[in-house]
Structures are given as structure tokens and as C-alpha cells.
Amino acid sequence: MAANALYVFHSRVGLVLWTSCACFYVPLHLNFSRMPDQRENFFRMVMPTSVRVASSISRSRMADLDSEKEEEDSLRKDLMFYFMNPCEKYRARCQIPWKLGLQILKIVMVTTQLVLFGLRNQLVVSFKEDNTVAFKHLFLKGYSGIDEDDYSRTAYTQQDVYDSIFFAIDRYHQIRSLSLGTVGYEHAEDMKGIKICKRQYRRGAVLPYNNTFYIDPTIEIGCLTSNSTRDWHKKNSTFFKLEFYRLIHVEIFFKLKGIALQTIRARELPDCYVFHNTILFDNQAHSGKIKIYFDSDAYIQDCKDWHVSGSIPKNTQNNLIFDGFVIITCLTSLILCTRSIILAVKLQKRFVQFFLEKYNRRVCKADRLEFINGWYIMVILSDLMTIIGSVLKMEIKVKNLSSYDVCSLLLGTSTLLVWVGVIRYLGYFQKYNVLILTMQASFPKVLRFCCCAGMIYLGYTFCGWIVLGPYHEKFEDLNTVAECLFSLVNGDDMFATFAQIQQKSTLVWLFSRLYLYSFISLFIYMILSLFIALITDSYETIKKYQQNGFPATDLYEFLRESDGVFSRDSYRKEPLSSFPFNCCCKRRGIDDDSILIN
């Protein structure tokens with residue numbers, strides 16, 4: 001060591017030992033090369049204690065340094081492997097990309113399942129809509145086949161209201177002889193299933209000629225249920241004597257049942273439906289115009305005592321088996337992705353702990369987020385939705401449930417996420433990765449920009465609703481105003497919006513011009529252009545990064561230190577010829593585009 005310089009000279013005659021403090025000459029007629037035990041004893045006897053201690057400390061420090069070096073190399077090697085794409089992982093360790101193959105299989109199976117369910121759902125929706133249109137023609141007097149607005153038709157005279165009410169009642173009693181479909185009463189030959197209710201103010205008097213009125217706002221509700229006779233409403237003429245200045249609305253309720261036989265062609269069991277129909281005569285405005293609404297809600301029920309001769313519902317069993325395979329596939333994908341996230345979190349903790357111990361500083365948030373793969377989280381959500389949706393689909397198939405809307409929402413959203421997840425594998429290549437990186441870079445800026453632009457948009461929405469609402473049908477309510485302004489931003493329906501402003505008030509008409517011109521100019525020429533400029537700027541920034549290199553982070557610098565130290569051959573355990581996909585094993589490393597770390 002530095003404190004003790006040791007020089008040994010060996011011969012058959014003697015050995016000279018120098019130290020920093022003394023010099024010894026010891027004659028030895030020994031050959032130490034032939035007697036190792038005596039040589040070791042000799043050195044123990046003549047070597048100073050401080051030299052032996054320093055040598056022991058040196059060996060301990062060297063062992064610690066070697067251990068730290070091995071730990072660092074192991075961590076760097078694991079990090080490099082974690083950020084490889086599936087083909088690089090195979091070339092490194094001959095690890096077959098099971099998740100990649102499973103995702104491709106899942107895309108095919110989930111899409112096929114969605115198409116089959118969509119075709120089935122299309123039949124259900126078609127049956128419901130066709131029956132709703134048929135009911136409107138059957139029960140609404142004078143229905144033209146086209147709804148006037150959100151309501152079916154209107155009545156302007158008292159006699160028209162009475163005729164419409166009695167017309168619906170009479171048609172209900174004759175439904176078996178009038179309907180062309182497979183509909184009937186809720187119970188066999190039951191004509192008591194129709195119910196009529198009216199809501200009106202308790203007392204009141206209106207005298208328009210001297211501008212006086214008296215109204216008791218207490219609401220009275222009276223209902224009447226029909227009997228089996230067709231002239232029962234004549235026996236209850238008092239109930240049907242309506243005082244229209246007190247009347248709020250009249251509602252007619254009745255249920256009908258039907259069977260959808262069109263599924264037999266697809267070798268499936270028919271569905272049995274219950275239609276809850278409501279006819280509403282709305283007089284809340286007391287404006288001389290009563291709006292007549294017709295609403296029909298269809299619910300699927302189990303068909304009892306069914307028998308289909310000469311046909312076996314094989315499709316039902318095959319679909320259930322297919323749905324079971326979809327559930328197993330998605331469950332496997334869910335387990336693999338969850339395992340990958342757990343391993344990534346452990347690797348992140350290793351890297352953060354190592355960085356804190358060696359460099360005495362914390363890893364930045366951006367580097368920590370690199371370990372959390374958002375694609376895996378999206379795949380997990382997609383798998384959960386697909387599993388739940390598949391279970392609901394199987395229950396619907398065996399007629400235990402009828403919630404088509406919930407099942408459609410789950411399966412549709414999961415399929416959307418599955419197809420969006422394909423972008424992840426395109427992102428491993430530099431040319432396709434530009435879209436993903438541009439979206440990631442521009443999203444925070446676009447979100448902040450939309451918050452600011454949204455304040456202006458809401459201001460125009462409230463202003464247009466309160467000022468132009470009485471003079472323009474597109475500004476009657478907030479929802480319609482928001483939709484109208486969004487259409488104007490996209491350049492749709494501009495002339496119609498200008499032309500439909502009523503010119504009853506010159507002040508409002510002038511304001512409408514100033515309002516529309518300022519909104520269109522501000523949002524189309526300024527805000528929309530700035531919105532596009534933000535995305536274009538992010539795209540140009542990403543292109544420069546791809547040419548000149550991305551900003552260096554602690555994680556990137558740590559991985560870059562391994563360049564030239566580790567190669568893909570250092571991971572390899574098996575020959576590449578065992579992999580069935582030639583696209584991954586025959587390509588060279590120089591052919592790959594660089595992996596971009598955000």
C-alpha cells in the first residue's frame with residue numbers, strides 16, 4: 001500500500017525486504033517456489049500488521065465494487081430488455097411474443113363477436129321500430145307517417161282532442177282484427193288493459209275579456225280503467241268532460257304483447273316482447289295547441305311453451321361456445337397485461353432506489369412514468385368490458401336478460417379500445433410512431449387551449465339562448481344552441497342559420513347579425529387556426545427530435561451508457577431458427593428504426 005512499499009527479491013541465497021521504516025536481510029537456503037507453506041509462514045512473520053490490514057480492506061472494497069458493478073449491469077440489462085419491442089425481445093432471448101399473438105387473436109375474435117351481436121341487435125331494433133310506427137298509425141287519428149317535431153301530431157280544437165282520445169280507445173278494443181303483426185292483449189281476450197289519467201288544476205276561472213283569472217295550482221289526478229265493453233267511455237261521460245283551461249295533460253296507458261318470428265330464419269328461438277305504450281296529450285302551455293306524443297317501450301320476456309317443429313337451435317349453442325372462448329382469451333390477456341404492469345412497477349422501484357443510492361437524487365416524474373405502459377391499462381379495461389359484455393350477451397342469448405343497451409355499450413367500447421391498441425405495435429417503428437408522439441406532445445397544450453376557448457364558447461351559448469331563443473328555433477334551448485354553434489364552427493348550415501332569424505324585432509335582427517358574424521370569424525379564422533397550429537407545432541418538434549435526437553433524461557443517459565457493452569447476442573439463449581415468424585428472426589438490427597423514448 002501507500003504507507004508500506006514492499007519489494008521482494010528471491011534467490012537461493014537470500015531475500016531482501018525493504019519497508020518505509022526498515023531494511024532486513026535474511027539468509028534463507030530455501031526454495032519458496034517448492035515450499036509454499038513455508039513461504040506463507042515467512043510472509044506472515046516478517047510482513048507488518050498494517051500491510052496485512054490494508055490488503056484485507058482493499059480486497060473487501062474490490063469485492064463491493066464488483067458487486068455494485070454487477071448490480072448496475074443487471075439493472076441496465078433488464079431496462080434495455082423492458083424497452084425492447086416484441087421482435088427485439090425474441091432476437092435477444094428467443095422469447096416468443098405471446099401477448100402480441102394473443103392481441104391479434106383477440107382482435108379477430110372480439111370483432112367477430114361484435115358483428116354477430118350487431119346483426120342480432122339489428123333485428124331487435126328493427127322489430128321495435130317497425131312496431132312503434134305501426135302503433136302510431138293504429139292509435140293516432142290522422143297520423144301522416146311523419147312526426148311534426150319531437151311529438152307525433154297536434155290538435156287545435158276541442159273536438160279534435162275528444163276524437164283522438166276515443167279513436168285510440170276504440171282501436172285498442174279492435175286490435176286483434178286490425179293489426180297485421182303478431183300482437184295481442186296482455187292477457188287472453190283482455191280489454192281491461194287500457195288506463196286513462198288526466199291531470200288538471202283543482203279550480204279555476206279565466207276571463208280574458210277583462211284580463212282576470214283565478215287558478216288554484218293544486219293538481220288533481222283522476223284515472224279510469226276500461227272494462228270489456230266498447231261503449232264504456234259513454235257511460236263515463238263526466239270523466240271525459242274536459243275543462244281545457246284547467247287541463248294539464250291526458251295520458252292513455254296500455255300494454256300489448258308480440259312475438260318476433262323473424263329470428264327463425266337464423267335458426268334461433270324467437271323473442272317475446274311486451275310493449276308499454278303511452279299516448280300523451282300535452283296542454284301545459286295552454287297556448288291553443290295540444291301536442292300529442294306517442295311513446296312505446298319494448299321489453300323482452302321469456303317465451304313459454306314454445307315449440308319449433310323441424311328445427312334445432314344450433315346457432316344458440318355455437319354462439320355460447322364462441323362467447324366462452326372469447327372470455328377465456330380476454331381473461332388470459334388480462335392476466336398477462338396485469339403481470340407486465342406488476343413487473344414494470346418492480347423494475348421502476350429498482351431503478352429509483354439504485355439512482356437514489358448511487359447518485360443521491362430522485363428520478364424525475366417523466367422517467368418514472370416511462371415504466372407505466374398506458375397501452376396495458378387500456379388493454380385491461382378492454383378485456384374487462386369484453387368479459388362483462390360477453391357474459392351479458394350469453395344471458396341475453398338464453399333469454400335471462402334483455403339489456404341490449406348495456407351489452408352494446410360494453411362490447412362496442414371494448415372493440416374500439418382493442419382496435420386503438422393496434423397503434424401500439426405500429427409505434428415501435430419510427431415512421432408510424434410520429435402520430436402517437438404528436439398526440440402525446442400536443443395533448444396538454446390542446447387541453448389548456450380548449451379550456452380557454454370553451455369559456456368563450458359557453459359565453460356565446462348562453463347569450464344566443466337568451467337573446468335569439470324567442471326568434472330562432474335553433475336557439476330555443478341550451479343543448480340546441482350548443483349543437484348549432486358547433487355546426488357553425490365546422491362550416492355547416494350557415495345560410496339556413498342566418499335566414500331563419502325572424503325579423504319581428506329590428507334590434508334583435510341586427511344583434512343576430514353581429515352575434516353570428518363575430519362568432520364565425522372568431523372561431524373559424526382565429527381559434528380553429530390556433531388549434532391546428534398547436535398540433536402542427538408539436539408535429540414539427542417531434543420531427544426535429546427524430547432528426548437531432550430527443551432530449552436526454554436520466555433514464556435515457558443511463559441506458560445510453562450500455563451502448564457497446566451489451567449487445568442482443570448477450571441475451572441470446574437459443575438459436576433463432578426455432579422461431580416460426582421469419583419477420584422477427586431474419587431482420588438485422590441495422591434494419592430496425594430506433595425506439596423512441598418519450
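Only the coordinates and a few stated rules stand behind these numbers; no lab work does. In this text the structure is predicted, and so the values were computed from the model without any measurement. Virtual Cβ from ideal backbone geometry, glycine too; neighbours counted across all protein chains shown.
To the nearest 20 Debye, how big is the dipole of segment 323-410 about its Cα centre, given +1 on the beta carbon of each Lys and Arg and -1 on that of each Asp and Glu?
The dipole of segment 323-410 has a size of about 540 debye.
In debye, nearest 20, what is the charge dipole magnitude of segment 320-372 about its Cα centre with +1 on Lys and Arg Cβ and -1 on Asp and Glu Cβ, if you could check?
Working: 9 positive and 4 negative charges, 96 e Å.
In total the dipole reaches around 460 debye.
Each label point was placed 7 Å from the Cα along the Cα-to-Cβ direction; for residue 205 and residue 522 their separation is 5.3 nm.
The phi-based Karplus calculation (6.51 cos²θ - 1.76 cosθ + 1.60; θ = phi - 60°) puts the 3J(HN,Hα) values of segment 398-409 at 8, 6, 8, 9, 9, 7, 5, 5, 5, 5, 5, 4 Hz, whole numbers, x for Gly and Pro. Of the cross-linked pairs 141/291; 235/291; 69/346, those separated by over 23 Å at the C-alpha level are 235/291. Between residue 149 and residue 220, the distance separating the two model label sites (each 7 Å from Cα on the Cα→Cβ line) works out to 3.0 nm.
Here the gap between residue 504 and residue 557, fully extended at 0.36 nm per residue and compared with their Cα-Cα distance, gives a gain of 11.9 nm. At R0 = 60 Å, how high is the FRET efficiency between residue 265 and residue 463 if r is their beta carbon distance? Nearest 0.05 is fine. The value I calculate is 0.60. Take the Cα of residue 197, step 7 Å toward its Cβ, do the same at residue 406, and the gap between the two points is 2.6 nm.
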